[in-house]
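The values are calculated or read from the model by the stated rules, or taken from the named source; none is laboratory data. It should be emphasised that the depicted structure is a prediction, and the values quoted were computed from it without experimental measurement. As a convention, Cβ positions derive from the backbone with ideal geometry for all residues, glycine included, and neighbour counts pool all protein chains shown. Keep in mind that these areas ignore ligands, DNA and RNA; they rest on the heavy atoms of the full protein, side chains included. Shrake-Rupley method; radii C 1.70, N 1.55, O 1.52, S 1.80 Å.
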Amino acid sequence: MRLRLGTRGSRLALRQAEWVRARLEQAGLAVELVQIRTTGDELSEVPLPALDTGDVFTRQIDQALLAGEIDLAVHSLKDLPVMLPDGIALAAVPVREDPRDAIIGRGPVSLRQLPPGAVVATCSLRRRAQLLQTRPDLALADLRGNVDTRIARLDANGGWSGIILAVAGLNRLGLSGRIGEYLEP
């Protein structure tokens, strides 16, 4: 029997799913990755708060699980809604990666050394609040998309001084060299 493991198709989601698959295969199980496009993937230009739902990155995967189209799924914990749908259980959580965020620039960048009014992009409400608590003089821009898309948008947008991303994702994708400064939680 081959287990069908549902995942989003972004490079980071696939990296995480591959990590899970490798551990399951070490235990003697055969695993096939099944990529599933989610509402959050489809509506990548819409700010998350405007989507008015907490399961934009998990709903279609959970529906596939409940319909028997896949046997298990890999999600980022940050994407899970507070209440899981009936019939869905959080079965395992791997060892936590680095929990910090980082500022990324086109070159060396430090949050403290940004000039007043500098533009920093993120779509996370938590990150926005933390940035403005630390640097109320910053201008914030909306930024959504997978890690590669976000970095490409930074590189193409000369008006932005930096973007905020999770260190864990950067590490998993081999992009820690782009980190300008690690931000303490």
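Worth a mention:
- Around the amide H of Ala121, modelled in the peptide plane, lie the amide H atoms of Ala141, Gly162, Ile163, Ile164, all under 5 Å away and 5 or more residues distant in sequence or on another chain.
- Annotation: the antiparallel percentage among DSSP beta bridges lying fully within the chain is about 40.
- Global geometry of region 117-170, whether rounded, prolate or oblate, following the gyration tensor of its Cα atoms and the 1.5 cut on a/c: oblate
- Accessible area in square angstrom per residue, the chain, 1.4 angstrom probe: 56
- Listed residues Met83, Met1 arranged by accessible area, highest first, probe 1.4 Å: Met1, Met83
- Near the amide H of Val34, within less than 5 Å, lie the amide hydrogens of Leu5, Gly6, Thr7, all on another chain or at least 5 residues away, with H placed in the peptide plane.
- Normalising the average separation of contacting C-alpha pairs (under 8 angstrom, six or more residues apart) by the number of residues puts the relative contact order of region 89-185 at 48 percent.
- Ordering of 132-142, 2-12, 59-69 by packing [mean C-beta count within 10 Å, highest first]: 2-12, 59-69, 132-142
- Cα gyration tensor category, rounded, prolate or oblate, for region 56-145 with a/c compared to 1.5: prolate
- Alpha-carbon centroids, region 3-33 and region 117-134: separation in whole Å: 33
- Only Cα pairs under 8 Å and 6+ residues apart enter the sum, and on that basis the relative contact order of region 1-151 stands at 24 percent.
- Among Ala156, Leu65, Val82 the positive-end extreme of the charge dipole of the chain (Cβ point charges): Ala156
- Computed packing ranks the peptides 102-109, 115-122 as 102-109, 115-122, most packed first, by mean other Cβ atoms within 10 Å.
- For the set Glu25, Glu97, solvent exposure ranked by accessible area (probe 1.4 Å, protein chains only) runs largest to smallest as Glu25, Glu97.
- Lys, Arg +1 and Asp, Glu -1 on Cβ, resulting dipole of region 61-166 about Cα centre, debye, nearest 20: 680
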